[in-house]
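These notes concern the structure reproduced below.
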Amino acid sequence: MERSSRITGFYKLPPEERLKLVRDFAGLNEEEITAIFTTGSLRIEQADRMIENVIGTFELPLGIATNFKIDGRDVLIPMAIEEPSVVAAASNAARMARHKGGFFTSSTGPLMIGQVQVTDVADPFGAKMELLANKDAIIEKANEQDPLLVKLGGGCKDIQVRVLDTIRGPMVILHLLVDCRDAMGANAVNTMAEAVAPLVERITGGRVYLRIISNLATFRLARAKAIFDKEAIGGEEVVEGILNAYAFAKADPYRCATHNKGIMNGVTAVVLATGNDTRAVEAGAHSYAAFNGGYTSLTTYEKNKDGDLVGTIELPVAVGLIGGATAVHPVAKACVKILGINTADELSRIIAAVGLAQNFAALRALATEGIQRGHMTLHARNIAVMAGARENEVDMVVEELVNLRKIRIDVAKEILEKIRGNK
């Protein structure tokens, strides 16, 4: 019988019934079924309320980056990530940063942009002026949608209007600037954008289409700075090597893509651990890197008068502590407690500091022994286990793989055969 992915009423079924249908479709065995359906802290009932068509959960390692001092406070950093050496690298970078006081951060506050797209406007620049003249009425209408947010000091604070020349002709784009307080803000901003649409049409005489938040959160920036003592990081030659690596990334988008990816290793791991929207933060970061034309580094590196390395970072970090998975996922809530924070703004600044630490660690590795050395041992452990090494054999296989500098499963199997043959 031919398999079909057209399953009527799939969403109405309980998770275990959905999983049975998937089992039959894909030929899953009992071990695979158990792996999918066995959950940890996030119960299947909770998962089923978070997204659609749930059949189980997917686990990632949760590690703790140590040594961080941020704005004078010692912080343990929970990081959810599958890539070896990331947590260790962040911890090592934070240890080196402590020599000069750690990381110092700032932010612009939790302002998000809601976009309202207006088309079919005869006089777009005239319409722009009309919208600006009616700013108070637009803000009032937006804030009617969320009186609690306004009561907490948030809400729509201002508007911007842009005229875009597009392949479909000129469009008028209204921006609502919304203070989201301790929420990421997508629901509040989208609701406001939808609510003002009829008013915007009356003012402009045009037709509104899209009404949605922008993930390019240029008014929700987080910044961090650290001074890395030249002796603590390996001397003047290491400082020069890092400066050259940074110059390469700043000049070349091919290098810069990987440079910024290293930043996001740290950023995304903390965003995920706290139950926030990794895709939103990643989209904002990479679009901000290209905001002024071209694609450039989210970090900067300089040498100060003492010869020490000064690193800085600035990027949009749209995260929240209320709403979404952060409010319901038990591990995410525990991670927020580990961080010891009370506001989304604090979280955004910690994330910026981790991004800077991660980037520094990567550049230092590249400028000295190369990036593979840090990865090699951890990767070798995974390969040894995949090759069938038992607990008492793993360390021996790893040592030989690293010595040979051939981290491959076929080599691991050969080493295992040799070890077992000698016993």
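The values are calculated or read from the model by the stated rules, or taken from the named source; none is laboratory data. In this text, all values refer to a predicted model and were calculated from it rather than measured experimentally. Backbone-built Cβ (ideal geometry, glycine too); neighbour counts: all protein chains shown.
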(request) Just give me the residues in the range 93-105 being part of a strand (DSSP E or B) and out of contact with any helix residue (DSSP H, G or I) (no Cβ under 7 Å at 6 or more places or on another chain), in sequence order. (result) 104
(message) Suppose we filter 261, 230 for residues that are over 30 Å from residue 117 (Cβ atoms), charged (D, E, K, R) and touching a residue at least 60 places away in the same chain (Cβ under 8 Å); which single one remains?
(response) 230
(request) Tell me, please, whether a residue that is under 22 Å from residue 153 (Cβ atoms), without any contact (Cβ under 8 Å) to a residue 40 or more places away in the chain and assigned by TED's automatic domain parsing to the domain that holds residue 67 can be found in the range 320-341. (result) yes
(request) Starting from the range 204-219, take each residue that is surrounded by fewer than 19 Cβ atoms within 10 Å (Cβ to Cβ) and list its partners that are in a loop (DSSP other than H, G, I, E, B), counting only C-beta distances under 6 angstrom and pairs at least six apart or across chains. (result) 207/120
(request) Report the residue count in the range 1-27 for those that are part of a helix (DSSP H, G or I) and over 22 Å from residue 46 (Cβ atoms). (result) 4
(message) Looking at the structure I just gave you, is residue 248 of a type in the set (Phe, Trp, Tyr), in contact (Cβ under 8 Å) with a residue 40 or more places away in the chain, outside the structural domain of residue 148 (by TED's automatic domain parsing) and out of contact with any strand residue (DSSP E or B) (no Cβ under 8 Å at 6 or more places or on another chain)?
(response) no
(request) Give, as residue ranges, the strands (runs of 3 or more DSSP E) completely inside the range 169-275 that count at least 2 residues that are farther than 30 Å from residue 129 by Cβ. (result) 221-228
(message) Six or more apart or on different chains, Cβ atoms under 9 Å: show the pairs whose first residue is in the range 91-106 and farther than 14 Å from residue 224 by Cα and without any contact (Cβ under 8 Å) to a residue 40 or more places away in the chain and whose second is hydrophobic (A, V, I, L, M, F, W, C) and surrounded by fewer than 16 Cβ atoms within 10 Å (Cβ to Cβ).
(response) 91/64
(message) over 16 Å from residue 355 (Cα atoms), modelled with pLDDT of 95 or more, polar (S, T, N, Q) and within 24 Å of the chain's Cα centre (by Cα): which single residue out of 57, 66 fits that description?
(response) 57
(message) Which pairs turn up if I take residues in the range 380-392 that are over 16 Å from residue 414 (Cβ atoms) and look for partners that are modelled with pLDDT of 90 or more and assigned to a helix (DSSP H, G or I) with beta carbon separation below 6 Å, at least 6 apart in sequence or on another chain?
(response) none
(message) Can you confirm whether residue 290 is buried (at least 17 other Cβ atoms within 10 Å of the Cβ), assigned by TED's automatic domain parsing to the domain that holds residue 97 and not charged (D, E, K, R)?
(response) no
